[in-house]
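Below is one structure, written out as structure tokens; comments come after it.
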Amino acid sequence: MATNLSSRPTTDTFSKTSNFSANNQRRYTIDKIFKAAAWGATIISVVILAWLLLTILMDGLGTLNWNFIQSFPSRKAERAGIIAALMGTLWVMSLVALLTFPVGVGAGLYLEEFAGDNWFTRLVEVNIGNLAGVPSIIYGLLGLAVFVRVLEPITGGRSVLSGAFTVSLLILPVVIVSTREALRAVPNSMRLAGYALGATRWQVIWSHVLPAALPGILTGMILALSRGVGETASLIAVGAAVYISYTPTGLQSQFSAMPIQIYNWIGRPQDEFHSIAASGIIVLMTVLLLMNAIAIYLRNRFQQES
């Protein structure tokens, strides 16, 4: 009996060790399967993206020249250009950046650092999260009702200002959410250290918390502007022109946008318009990359300073 009792712990230990090894082996197998699936999804996405870019470059480089960039739209493909839509997009996105950054960052800063935990704050947070998933056409209808009709004496109706306000509302929830997440990533010890030295809450936030969170805030701004520059439905609802033979001269000027112009060309039955549509896509991607490059440069600079 003594021999049997002394052998049981050894048997139980061996059984537990075997089960532990089997569980580890199962986890390693699942990890390998997940890693292979992730690599497969990444490769498929990159291949599809490369194929689309290659197709666009093959179709659009032949008609992409300086005459195309500086010409206005035309009923003849060989005379059509994108200067009106290009300048309209630059006007709108410049205003969107100027409007969205202070409002979005300020709202996120207040909700995260100053607002108390009450029913009103929780209601605002839930609505901001829901607004981030609202289709863009809804914002376009809102902009048509408010900015184009109600505020027509101020905005000038179907104007650059109305389009900028509408796109700003569209991307504002994304900026607010990303700002709050960037502020949450700042260690709380940084705030406590500032308070211990006698600084006020605003001094701590302005001098320490906000600079540390600024790279993350700019990352969210990059994503938001990338979404806004390709918007079509909301601008169509606001009244951006498909055919316009001049560039905007002020905030109340009528305008067009590159996504709308490209969509118009793609809808034409002639193959020549399809080629210049591909050229327009190349110009649009170039503008997007330049905007992102500027934002990434600012983000990296603030990262080095912090």
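The values are calculated or read from the model by the stated rules, or taken from the named source; none is laboratory data. Because the structure is predicted, anything quoted here is derived from the model rather than measured. Because the Cβ atoms are built from the backbone with ideal geometry, glycine has one as well, and the counts that use them run over all protein chains shown.
Only one of the numbered conditions (1) closer than 21 Å to Leu98 by Cβ; (2) crowded, with 18+ Cβ neighbours inside 10 Å; (3) without any contact (Cβ under 8 Å) to a residue 40 or more places away in the chain is violated by Trp206, and that is (2). The numbered conditions (1) β-branched (Val, Ile, Thr); (2) surrounded by fewer than 16 Cβ atoms within 10 Å (Cβ to Cβ); (3) at pLDDT 85 or above are all true for Val148 except (2). The helices (runs of 4 or more DSSP H) falling completely within region 199-304 that include 1 or more residues that are closer than 15 Å to Val167 by Cβ and touching an Asp or Glu at 6+ places or on another chain (Cβ under 9 Å) map to 258-266. Here region 269-306 is the region considered, the condition is being without any contact (Cβ under 8 Å) to a residue 60 or more places away in the chain and over 22 Å from Leu54 (Cα atoms), and the residue that is surrounded by the fewest Cβ atoms within 10 Å (Cβ to Cβ) is Pro269.
Figure legend. Inter-residue proximity from region 117-142: first residues assigned by TED's automatic domain parsing to the domain that holds Leu169, second residues surrounded by 16 or more Cβ atoms within 10 Å (Cβ to Cβ) and of a type outside the set (A, V, I, L, M), beta-carbon distance below 6 Å, spacing 6+ or different chains. Indicated pairs: Ile128/Pro173; Leu131/Pro173; Ala132/Pro173; Ser136/Glu231; Ser136/Ser234; Tyr139/Thr166; Tyr139/Ser234; Gly140/Ser234. Of Trp91, Trp39, Trp66, Trp51, all but one fail to be surrounded by fewer than 16 Cβ atoms within 10 Å (Cβ to Cβ), aromatic (Phe, Trp, Tyr) and closer than 30 Å to Ile244 by Cα; the exception is Trp66.
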